[in-house]
Structures are given as structure tokens and as C-alpha cells.
Amino acid sequence: MLSIRNLHASVEEKSILKGLDLEVNAGEVHAIMGPNGSGKSTLGNVLAGREAYEVTDGQVLLDGKDLLDLSPEDRAREGVFLAFQYPIEIPGVSNINFLKTALNEIRAYKGLPPMEARDFLNRVKEKQKLVEFDAKLANRSLNEGFSGGEKKRNEIFQLAMLEPKLAILDETDSGLDIDALRIVARGVNQLRSKDNAFILITHYQRLLDYIVPDFVHVLYNGRIVRSGTKELALELEEKGYDWIKETVDAEGAV
Amino acid sequence: MLDELATDTMLTKVSDSLYTQLIKTFEGNLPSAEPYSLDEIRKQAFERFKRSGFPTVKHEDWKYTNLQPLVSKHYALQPPKPKARPAVGKAIIPGLDAHRVVLVDGRYNSELSTVEDVDGLSVMPIHDAFDRLCFAKYFSEYADKSDNPLVALNTALFTGGLFIEVGKNRQLDKPVHVIHVASAATPSFVQVRNMYVMSTFAEAEIIESFITDDGAAENLQNAVSEIVLREGAKLQHYALQLADSPSGYLNHTEIYQEKHSLYNNYNCTFPGSTLVRNNINVRLGNSDVESHLYGVALTAGKQLVDNHTIVDHLKPHCESYEWYKNITQDTSTAVFNGKIFVREDAQKTNAFQQNNNMLIGEKSAIYTKPQLEIFADDVKCSHGCTIGQFDEQALFYLRARGISEAQARVLLVHAFAFDVTSRFANPAVREYVEHLVEEGLS
């Protein structure tokens, strides 16, 4: 589904991603871990199309289509969803109106008519239940006055509503207490299917106790330096990122 | 007091063509055959205007709004006979059930007006109201005491307008929708005088729309509205500026409120008319009065929209609340000047003012000035002003969910205007205005 080859990206002329390769197939969950500053969030932002991030080399294909050529909205319409690390508040834009606009623009892109009001409301109800998102929050202004945990849960609610092919969760676990983490994880697990894929960007192994990944990758210094299964995450937890840094730096020195 | 000080000396007499034309045409030749008292008022007002001339940018209140290009043109002073049935479709508000009043070039059009016979509601051309007691009592009583030379000019020479009176204890169950159509096919200078009187404990809603008929020339309108709210009266007053370019609108609205009355003004301007200047003066003339002024100006092209408001707290225990939002596109300009007076008598005043601006056009401009003059010592007054652009983070967030950049901008402008539009008491007008905001974004 997603194929990243030799991706190089920089922010304000500082090189962050330095030759990243990743293959994600439908039905898979990939976890990307790594120390602070390794380029985890950059990867999410580059895939979503944030302008400040400049791709200097490499290729990203989504089902064979060149993602890097598309505007952020077209990437979303093609089925890429970034759950933001810091969802922003937009007072005056209602959550529901925002979702209706987004959903219908995605449908229009696919040549589908706008969703009937009743179908839309049914979907809202169904997904609210699925990801345990408070109906009161859904009717408020977008993230306005939401707690950190509520904002993250709103990201998952949006994810459920928009049903993307590829969801990238950028440190969705950060700032969540254990109950909120369970709810978010339960939501994601409900949404997993053979047709979609997830990339979980996280600093801690904790999230992976709840969302079990098929693959774990370690990002360090702008490249994936280790790939494995969920056991790799446990090993990381035990030995710490210094272990990776030391071994990788040693390899580099040879 | 500061405000009322005649500023004749500050205004430079200009030998622009409209001024010369007006003086030449009407000196010793004012409209007459009216009650004698009106003749006298007109004469004095004419003299005042003759001395002052049109305001220039040297006058502080007109610093950013240069009338010279507009008043150096030649206009027909008596607008030609208007079209019998100009189209009013542009002013229709979906879902609004209202008494409709249509004024074409300031003249009441009875064929297009559909005012139902409601006990306690009087709607008529201003000329038919000259013999009314309340007309004699309020005409030029407050508006002409402001220092706006355009009011003097209007008092001397208005040719049309509307009179509305809502009787004692009457609560209108339908709003009155006043549609002002500019239709003259040769450039005309139209002077409109309106008076709305809300008797004691009367309640009403007046919605005014300004539109241009197809084929209309570049017209200039100088309108004065005098609004009086007697004790306990309530008025919701909307003004929706939808006219086309090129055109100019100079509106002076003078509101006088008596005890326990409530006046809400909702003032919206959309892309179109070349120059719009609104003077809205609210005089809180007795205690326990409440006034709200809300404004949205969405400008585009080379448009200039200037809102000058005065909230004048004359007596104790009154509340005023003002919130204006400007959104400027292209090379347009928006001006906001919010003056609040709290006179010596006006203890326990609670006055709030807020002005937020969003500069969208890289070459657009915003001039804003809060101006508080407080002479009482036990009052609560606050004011604030912000200026900003599109929030790039918010735009990206919306786009990352599949929303186009254009639609994301619409959502963000809606959000920006929300503080004001959410205060609209009439849901049909609110929805309509939100739609106009969407349409007005280029």
C-alpha cells in the first residue's frame, strides 16, 4: 500500500530524514519508535504534506500513486490520515460541520454525492460509540477547550469517521493517562481491518501493549536502523535507546 | 460636549463640483410647501452645510475616508423617475417572513411594498409623516446635534425616506424588511431621511438591505436615520450592505434611547459598494438602557468600508456592548473608530468594546481606533483590538482532513466572524449572513 524509498527531508535547511525506506501493506500495523529528534514526527508531517517540510530526495507511493506530488487535501482524499501530535483548537468551527465538510469533499473527490443528512448522523452516532467519544464534545467547536486527552480522542473519532486507507498516529499516546490510552487503543483496534494500515509513531512501548503491531521499526538519525516484530519494542524498552545509538554509531564507525 | 463642539472651522471649504452644484441650485430655493417649522430647520441646516462643505481628510473623523473623488463628480440632484418595478430579488432573505417595504432611490414604492395592516404599525413615506406629533418632536432633534456636515446637508435637502412608528405596547410578530434599491441610470445624488419611532414598550425588528438594480449608474447616497426608543422599547436593527460597485453610501444613524430600552444594531457590509461610511451614534439618554452594536465588514477589490460609532453614556446604570470584525481582501480598506463617552452623570456604566481584524489581502489595510472618554469615576469600561491573518496551522489541519484550501478559508472566516454572527437574534438573517460571508470570499 505504502512504499517509501530513500526518503530525504529537511526543515529550514536542516536535514532530518536521510534515506528512509519503509513498506507497509494493507492489513498491517507498523510501529515506528526512536529517540527524540530521530525524525519520527517529521515522517508523519512529510507524509501529510506540511509545507515547512521539504523533501529533497526519494519517493513515496500510495498504491502506486506518487504521494509527494499531491496537495495535503488530495493526500487526505486518497486515504492518508495523520492523527496530530498536537491537534489545534479552532473556535467557531463546529466539530460536526467540519467532519461533514471533510467527508463530503473526500466523497466528491471519489465522484460520490454528498452524504444524506440522516446517514451522516447515523454514522456519527455509530462511530462515537465505537471510539467512545462523548457526544457533547462532538457538538462543540473543534477541540475548543478540550483537554489533551479529549483532543487525542477526537483525532481517533475523526479517523473513524473518515475511514482512511492509511492512518499515521503521531505520538497519539503522549499525554494520555492509562484510561484514555486504553480507550484510544480500543478504538484503533476496532478500526483495524484487512484493507487499511496503521503507522504508530511512538516514543514508548506502552502503547504497543494495547495495539499490537505486526512490525516494529527503530528510527535513528533519519533512517530506519532496526526492524523486527513486537519483541524488538520490548528489547528497546529494556535496553533503552542508548543501546541503539551505540550499536548504530559503532556500525557507522566501521 | 467635545463631540458637539461645532467644527466648522476645521473643515476646509472645498470648491468641488457637487458642493458648488448644491449651493447654486438650492441657495434661496429649498424644498418648501412643508410645515413652516420644517422650512426653518431646512434653511438653518443649509446654512450650516454651506459653511462647512463636505468633510475632507483634514478632519480627524474623515482621516482615512476621502470623499473628494466621490464629490468632485457631477450628479443629478433630483433622481430621474425611478423604474416602476426594479428587481428586489438580490435582497430576499431565504426563510424570512416579513413586512416588505421597498424604497427606490429613496422613494417609497407602494407597488413593491407588502406591509400588512397591523394594529399599531405605521409605515409610510417620510413626507406623509410631517404632520405627526412625534415627527415634529424628533426630527433633527438629535442627529443634527452631531458634528457631521452630511447630516446638515441631508436635513436641508432630503428628497425621500421612510417613517415607521410602532405603537405603545405593540410587539410586532413579523420583522419589517426595508429594501433600499439604487436604480437611477444616470449618476445621481440621493438623499434619504428615515425616522423610526418605537413607542413605550413597543418591540420590533427592522432589517434593512441595500442593493443595486441592474443597469444603475454610479450613484451616491447620503442617508440619515433617526431612531427613537421610548421607555421600555426594544428594537433589533439589521443593516445589510449588498450594493454593487461603483456606488457610494454615506449613512448616519442616530439612536436615542429612553429608560429601560434595548437597542441592538447588527451592521454587515459585503464586497460591492466602492465606499461605505456608516456613522452610528447611540445616545443612552436615560438610566437602565442597554445597547449592543455588532458589525462584520468583509471587503474586497478596492472597496473602502468605514464604520464610525459613538456610544454615548449620558445617565447611570447603563450597559453597552460593541463587537466589530473586519476581514479585508485584495487591496480593500476597513476603518473602525469606536468612541465611547461616559459623561459625568453616567455612574455605574458598564461599557465593552472589541474590534478584531483579519487582513487577508496582502495589500489590504485596516485602520482601527478605540476612543474612550470617561468623565465619571465609578464605571467599568473595557476595550480590545486585535489584528491577524489566516492561521497557517489551522489551515493545514483542515486540509489534512481532505478540505480544500478555499473551503478551509471559508471555515476559518466563519469561525472568525462567529463571535458576531452568533449574536444575531434572527436565525434566518444569521444563516443568510453566513452564506454571504461564504460568497464574499474570493
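Of all residues in the stretch B:418-442, how many are assigned to a helix (DSSP H, G or I) and in contact with a helix residue (DSSP H, G or I) (Cβ under 8 Å, 6 or more places away or on another chain)?
Here the count works out to 6.
Restricting attention to the stretch B:342-375, and to residues there that are surrounded by fewer than 18 Cβ atoms within 10 Å (Cβ to Cβ) and of a type in the set (S, T, N, Q), which single residue is nearest to B:S320 (Cα to Cα)?
Here the answer is B:N350.
Six or more apart or on different chains, Cβ under 7 Å: which pairs go from a residue in the stretch A:102-124 that's within 17 Å of A:R75 (Cα to Cα) to one that's part of a loop (DSSP other than H, G, I, E, B) and among the basic types (K, R)? Could you list them?
Partner pairs satisfying both residue conditions: A:A102/B:R401.
Kindly indicate whether A:D74 is more than 14 Å from chain B (Cβ to nearest Cβ), in contact with a helix residue (DSSP H, G or I) (Cβ under 9 Å, 6 or more places away or on another chain), among the charged types (D, E, K, R) and surrounded by fewer than 19 Cβ atoms within 10 Å (Cβ to Cβ).
no
Given (1) more than 10 Å from chain B (Cβ to nearest Cβ); (2) more than 28 Å from A:V216 (Cβ to Cβ), identify the lone condition not met by A:G37.
A:G37 satisfies all of (1) more than 10 Å from chain B (Cβ to nearest Cβ); (2) more than 28 Å from A:V216 (Cβ to Cβ) except (2).
Scan the stretch A:104-120 and give yes if some residue there is more than 9 Å from chain B (Cβ to nearest Cβ), in a helix (DSSP H, G or I) and buried (at least 19 other Cβ atoms within 10 Å of the Cβ), otherwise no.
No; the residues of the stretch A:104-120 include none that is more than 9 Å from chain B (Cβ to nearest Cβ), in a helix (DSSP H, G or I) and buried (at least 19 other Cβ atoms within 10 Å of the Cβ).
Going through the stretch A:201-254 one residue at a time, which ones are in contact with a His (Cβ under 9 Å, 6 or more places away or on another chain), part of a loop (DSSP other than H, G, I, E, B), crowded, with 18+ Cβ neighbours inside 10 Å and at negative phi?
If the condition is that a residue be in contact with a His (Cβ under 9 Å, 6 or more places away or on another chain), part of a loop (DSSP other than H, G, I, E, B), crowded, with 18+ Cβ neighbours inside 10 Å and at negative phi, then A:P213 is the only one that fits.
Hey, B:E373 hits all of (1) more than 8 Å from chain A (Cβ to nearest Cβ); (2) without any contact (Cβ under 8 Å) to a residue 40 or more places away in the chain; (3) within 28 Å of the chain's Cα centre (by Cα) but one; which does it fall short on?
(2)
Please give the number of the condition A:I88 fails out of (1) assigned to a loop (DSSP other than H, G, I, E, B); (2) within 30 Å of B:V420 (Cα to Cα); (3) modelled with pLDDT of 95 or more.
The failed condition is (3).
Just one of (1) part of a strand (DSSP E or B); (2) within 30 Å of A:G240 (Cβ to Cβ); (3) within 14 Å of another protein chain (Cβ to nearest Cβ) trips up A:V93, so point out which.
If we test A:V93 against (1) part of a strand (DSSP E or B); (2) within 30 Å of A:G240 (Cβ to Cβ); (3) within 14 Å of another protein chain (Cβ to nearest Cβ), just (2) comes out false.
The values are calculated or read from the model by the stated rules, or taken from the named source; none is laboratory data. Here the structure is a predicted model, which means the values were calculated and not measured. Cβ: placed from backbone, ideal geometry, glycine included. Neighbour counts: every protein chain shown.
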